[in-house]
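Just so you know, all these numbers are worked out from the coordinates, no wet-lab data involved. Just so it is clear, the structure is predicted and the values come from calculations on it, not from any experiment. Ideal geometry is used to build each Cβ from the backbone, glycine not excepted, and the neighbour counts take in all protein chains shown.
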Amino acid sequence: MMCQNLLHLPIVRKFCMYPTLDVARATNLLVKTLCLDHVVVATKTSHCRGGHVRLSWLREVYKDACANRQWTIIARTYLLYLVSCTIFVIKV
C-alpha cells in the first residue's frame with residue numbers, strides 16, 4: 001500500500017471525502033446564505049455547468065453588499081471567497 005505524508009502524518013485513505021454538490025442544492029445554499037435572487041444564482045451556476053460559481057462573481061456580490069452596507073452578507077461572502085481562494089490555489 002502506498003502511503004503519502006502531510007505534515008509527517010500518514011495518509012492512508014482518501015484525503016477529502018465529500019458528497020458531490022448538485023446544481024439545485026448549490027443554488028439553494030447560495031440563495032439562503034447570501035440572500036440573493038434565485039434566478040440570478042441559477043443563471044450563474046448554469047454558466048459553470050455544475051454546483052459552482054466563479055470567484056469573480058463572488059467578488060461582485062461582495063462589492064454590491066459593501067455598497068449597500070449589508071454587514072452579514074459582507075462577512076459571509078468574504079469568508080466564502082477566502083476559503084475558496086485558499087482551497088483552489090493555482091500552483092505553477
Sorted by Cβ density within 10 Å, fewest first, the residues Trp57, Trp71: Trp71, Trp57
Net charge of neighbours whose Cβ lies under 13 Å from the Cβ of Ser46, counting Lys and Arg as +1 and Asp and Glu as -1: +2
Size of charge dipole - the stretch 21-87 - debye, nearest 20, with Cβ of Lys, Arg +1 and Asp, Glu -1, no other charges: 80 debye
5 angstrom amide H check on Gly51, placed H, neighbours 5+ away: Val23
Estimated distance in nm for a label pair at Cys66 and Thr33, the labels positioned 7 Å out from Cα along Cα-to-Cβ: 2.0 nm
Neighbour-count order for Leu82, Leu30, fewest beta carbons within 10 angstrom listed first: Leu82, Leu30
Gain upon complete extension [Cys48, Ala75; 0.36 nm per residue less C-alpha separation]: 7.3 nm
